[in-house]
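Asker: Mind looking over this structure? Questions follow.
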């Protein structure tokens, strides 16, 4: 009988010690199973308490989001007015998705809603670019230029409450020109007061607001093409801005406009 137990429960070469160890594990597991009813009752009570706490926290989070959404939308709308979008309105839509069943959701506002790591809310930014136009999701209802300005406005609003050490904007001025481009440059310069801002741009109105302007250009010897970066100062910067404005480095009108842009940008900074 002992040999039979060793073969069946002794493990790999553990012999009688393996049989004893298996018996001890089995006894402990049997004790757990015999107390399952009490354990289930305890876990059910704990589950109910945690669901009630989760529902309360979810409601607080939803209320806080609703209050913050109004302030955020007003601030972004005000920024857009300065970015040549005076009639645009940004709103924030906060909604919840009904839970598949009561057991899988939490109670928020008397409804059983689905929840995740970020709470029970689904948040979406809506834009009404013109008077009379219905608010639509920004990803669907904004042109390229409008989207660029909304993004910049959002970053400017967030800069004070959620500081970021470095911003990188790759052609944030796409689809923008004229006065709007000047305002984009002005906002980028304002953002640069509290953070490092790196901007890739083809617009002189934006480049003029930079504390330091770099020129990226390609050269070729016929067989190898290289890209180089040059820091533009003084006369070189005026010539480059003139080229960006008029397409001619030595245009007198272009130079005058470039100098005017640099002077205006310096005064604004």
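Asker: Which number in (1) under 25 Å from residue 96 (Cα atoms); (2) at pLDDT 85 or above; (3) in the same structural domain as residue 62 (by TED's automatic domain parsing); (4) in contact with a helix residue (DSSP H, G or I) (Cβ under 9 Å, 6 or more places away or on another chain) marks the one condition that residue 154 misses?
Answerer: That leaves (3) as the condition not met.
Asker: Right, another one. Run down 58, 18 and say which single residue is surrounded by 12 or more Cβ atoms within 10 Å (Cβ to Cβ), at pLDDT below 90, under 28 Å from the mean Cα position of the chain (by Cα) and outside any loop (DSSP other than H, G, I, E, B). Step through it out loud before you land on a result.
Answerer: Values: 18 fails: under 28 Å from the mean Cα position of the chain (by Cα).
Result of the check over 58, 18: 58.
Asker: Take residue 67 and tell me if it is touching a residue at least 40 places away in the same chain (Cβ under 8 Å) and part of a helix (DSSP H, G or I). Before the answer, list the steps.
Answerer: Values: touching a residue at least 40 places away in the same chain (Cβ under 8 Å): no; part of a helix (DSSP H, G or I): yes.
No.
Asker: In this structure, is residue 131 over 29 Å from residue 195 (Cα atoms), at pLDDT 85 or above and not assigned by TED's automatic domain parsing to the domain that holds residue 180? Walk me through how you get there before you give the answer.
Answerer: Working: over 29 Å from residue 195 (Cα atoms): yes; at pLDDT 85 or above: yes; not assigned by TED's automatic domain parsing to the domain that holds residue 180: yes.
In short, yes.
Asker: Can I ask one more? In the range 123-147, how many residues are in a loop (DSSP other than H, G, I, E, B) and either without any contact (Cβ under 8 Å) to a residue 40 or more places away in the chain or in contact with a strand residue (DSSP E or B) (Cβ under 7 Å, 6 or more places away or on another chain) (or both)? Outline the logic, then answer.
Answerer: The initial filter retains those residues of the range 123-147 that are in a loop (DSSP other than H, G, I, E, B), namely 129-135, 142-143.
After this cut, where a residue has to be either without any contact (Cβ under 8 Å) to a residue 40 or more places away in the chain or in contact with a strand residue (DSSP E or B) (Cβ under 7 Å, 6 or more places away or on another chain) (or both) as well, the list is 132-135, 142-143.
Here the count works out to 6.
Asker: Hey, another quick one. For residue 99, only one of the following conditions fails: (1) touching a residue at least 24 places away in the same chain (Cβ under 8 Å); (2) in contact with a strand residue (DSSP E or B) (Cβ under 7 Å, 6 or more places away or on another chain). What is its number?
Answerer: Only one criterion is unmet by residue 99, namely (1).
Asker: Can you give me the ranges of the strands (runs of 3 or more DSSP E) entirely in the range 163-269 with at least 3 residues that are within 22 Å of residue 83 (Cα to Cα) and out of contact with any helix residue (DSSP H, G or I) (no Cβ under 6 Å at 6 or more places or on another chain)?
Answerer: Values: elements: 166-170, 196-200, 213-220, 225-232.
Fully inside the range 163-269 and qualifying: 166-170, 196-200.
The values are calculated or read from the model by the stated rules, or taken from the named source; none is laboratory data. Since this is a predicted model, take the numbers as computed values, not measurements. Neighbour counts run over all protein chains shown; Cβ positions are idealised from the backbone, glycine included.
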